[in-house]
1. For region 209-250, what are the residues that are among the charged types (D, E, K, R) and under 17 Å from His358 (Cβ atoms)?
2. Would you pick out the residues in region 93-121 that are of a type in the set (Val, Ile, Thr) and either touching a Ser or Thr at 6+ places or on another chain (Cβ under 8 Å) or buried (at least 16 other Cβ atoms within 10 Å of the Cβ) (or both)?
3. I'd like the full set of residues that are open to solvent by 70 Å² or more (accessible area, probe 1.4 Å) and either at pLDDT below 65 or part of a helix (DSSP H, G or I) (or both), limited to region 122-149.
4. Being at pLDDT 85 or above and open to solvent by 60 Å² or more (accessible area, probe 1.4 Å) is the filter here, so list the residues in region 41-81 that pass it.
5. Mind listing just one residue for me: the one in region 210-245 that is assigned to a loop (DSSP other than H, G, I, E, B) and under 28 Å from the mean Cα position of the chain (by Cα) and, of those, surrounded by the most Cβ atoms within 10 Å (Cβ to Cβ)?
6. Given (1) in contact (Cβ under 8 Å) with a residue 24 or more places away in the chain; (2) assigned to a helix (DSSP H, G or I); (3) under 16 Å from the mean Cα position of the chain (by Cα), identify the lone condition not met by Trp363.
7. Taking region 246-300, which residues are within 24 Å of the chain's Cα centre (by Cα), charged (D, E, K, R) and open to solvent by 60 Å² or more (accessible area, probe 1.4 Å)?
8. Quick one: in region 246-294, of everything that is hydroxyl-bearing (Ser, Thr, Tyr) and outside any loop (DSSP other than H, G, I, E, B), which residue is nearest to Phe230 (Cα to Cα)?
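The values are calculated or read from the model by the stated rules, or taken from the named source; none is laboratory data. In this text, all values refer to a predicted model and were calculated from it rather than measured experimentally. Please note: Cβ atoms are built from the backbone with ideal geometry, for glycine as well, and neighbour counts cover all protein chains shown. Quick note on the areas: whole protein, heavy atoms, side chains included, nothing else; ligands and nucleic acids left out. Shrake-Rupley method; radii C 1.70, N 1.55, O 1.52, S 1.80 Å.
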Amino acid sequence: MAPNKKYDVKFKLEVIKYSEQNSAEATARHFGIDPKRVRQWLGQKEKLFNVPPSEHRQRARLQGGGRKKVSEELEFKLSQWVLTMRVKLFRVSRKMIKMKAKELYTTVSDHGGSDFRASSGWLDKFLLRNGFTGRRCSTVAQKDARHFTEKLVSYVHYVTQTVAKKQIAEDDIIAMGETAVWFDMVGSTKVDARSARSVPLKTTGHEKSYLTVVLAAKGDGTKLKPYVVFKRAARDVKAMQDINGALVASSTNGCMNDRLTVDWLQRVVGKFSFTPRMLVWDSYRCHISSATKEELKHDYNIVTAVIPDGCTNHIQAPNLMWSQPFNANLHESYDNWMAGDADKEYTAGGNVRPPLRHLLVDWVLSAWGKLDGELVKRSFKVCGLTVAPDGSEDHLIHCFKEGEPCSSGRELLSQARQQSLKLETTREMEEDEEELERNELVVDDDNSSLHDRLSTLHPALSLEDGCLLNQISNQNLLHSESFKWMSCHHHQEEKFRAVCGV
């Protein structure tokens, strides 16, 4: 027998049906349970049969069964306190909940009067009943993707409208993004014996040392040179300027800044484009600084599209599709280096030194070269950069696909396109009407001036005669052969000859 085992409703009903043909003792022996349980379930027979079949395997107790709560009022007040603290983004720990529970217990009206210890067992059940659990801290101000739907729709609509309006070709759309590369690329899993009590790992001791790699590509799949930024190391960087296929720079913290952004624009993007271009990047401070904006005014023939805050993981091509395979290729190079003996240096104590900087640049070039060009090209579609402006390819945009948190954005994007089309149609109609009005005013002015000239030439000429004369003059028909064209106007021929002197 298993005295502490739980049994679901389905098992209890099977026991009851068997006991209808057998005694409680025989039923207990058949199912390997205590006869007391059989008699207890027989007493609950009617309630057990009333449980919905869909819950037979999910429930082990009847409604109202089990140990009662210490206090309903305490349960409500404490759960509200936890929610209020989290709304304010304050930390809530298990110890804090226990202390608050003891404090609130003295104020509730339905407590049992006995001492309340707020044990760990009580806390576990309280958290389970109210849907709470221990969580690791995530990014500050991290929000659900649904909060970004309108931003994503506005961004994609702006990109497609700008590309269509300026007639920007796919090979003139550039997406860029920065990714951090650590000197020690230690994976999260290792292979070891099952019996091992601990899993130690030897590294070069530079897990926190990193560099920045700027990756950029065009909408047709063309990959631009990677731009590698080291922390300080000015002497090594100077010696690596002749590396073919990559550009190397340095900064005080190993990250991009205004100076390096300008340098990247000049050396990677380049100036003097005869066709309009678009540069897509995130809202990192050096991308939207005044120095960068001023640089972009100098003959780049380029317009920028800035991805809204918090949306990079949903709509930025490098984050969404390039980073994972790129980093996997880097880890492969690192693992091969650690497993071999080539290109390694050791300290006096026999410890492995971190990989040399020129070796890291070689790994970056290799990883970037292995990245499939078709994947890069497809990433522009997936992120809404090269989709058709008429909405026929909106189903390819990843964040708007069915099942994604922002799936409602596809309908909102369609509505935005229709609204823009209506506004454009209305604007064109208004411009046509204005043009027509201007033309009518010009005709009226011309007729007035023509009437004045005719009065000066000959008082007998009417405005109708003048219009005909003006038409003849414009076609250079004031010669003798031109009057054949006026065969339908014989009654006016003498009048024109007298005025024109022909």
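1. Here is the first cut: in region 209-250, the ones among the charged types (D, E, K, R) are 218, 220, 223, 225, 231-232, 235-236, 238, 242.
Answer for region 209-250, where residues must be among the charged types (D, E, K, R) and under 17 Å from His358 (Cβ atoms): Lys225, Lys231, Arg232, Arg235, Asp236, Lys238, Asp242.
2. Of the residues in region 93-121, the ones of a type in the set (Val, Ile, Thr) are 97, 106-108.
Within region 93-121, Ile97, Val108 qualify.
3. Once the filter is applied, which keeps residues that are open to solvent by 70 Å² or more (accessible area, probe 1.4 Å) and either at pLDDT below 65 or part of a helix (DSSP H, G or I) (or both), region 122-149 yields Asp124, Lys125, Leu128, Arg129, Ser138, Thr139, Val140, Ala141, Gln142, Lys143, Arg146, His147.
4. Scanning region 41-81 gives Leu42, Gly43, Glu72, Phe76, Lys77, Gln80.
5. In the first step, residues of region 210-245 are kept if they are assigned to a loop (DSSP other than H, G, I, E, B); the result is 219-222, 224-226, 232-233, 240-245.
Keeping just the survivors that are under 28 Å from the mean Cα position of the chain (by Cα) gives 219-222, 224-226.
Numbers: Gly219: 24, Asp220: 15, Gly221: 18, Thr222: 14, Leu224: 19, Lys225: 18, Pro226: 22.
The residue in question is Gly219.
6. Trp363 satisfies all of (1) in contact (Cβ under 8 Å) with a residue 24 or more places away in the chain; (2) assigned to a helix (DSSP H, G or I); (3) under 16 Å from the mean Cα position of the chain (by Cα) except (3).
7. Answer for region 246-300, where residues must be within 24 Å of the chain's Cα centre (by Cα), charged (D, E, K, R) and open to solvent by 60 Å² or more (accessible area, probe 1.4 Å): Arg285, Lys293.
8. The first filter runs over region 246-294 and keeps only residues hydroxyl-bearing (Ser, Thr, Tyr), leaving 250-252, 261, 273, 275, 283-284, 289-290, 292.
If we keep only those that are outside any loop (DSSP other than H, G, I, E, B) as well, we get 250-251, 261, 290, 292.
Values: Ser250: 5, Ser251: 7, Thr261: 14, Ser290: 24, Thr292: 21 Å.
Selected residue: Ser250.
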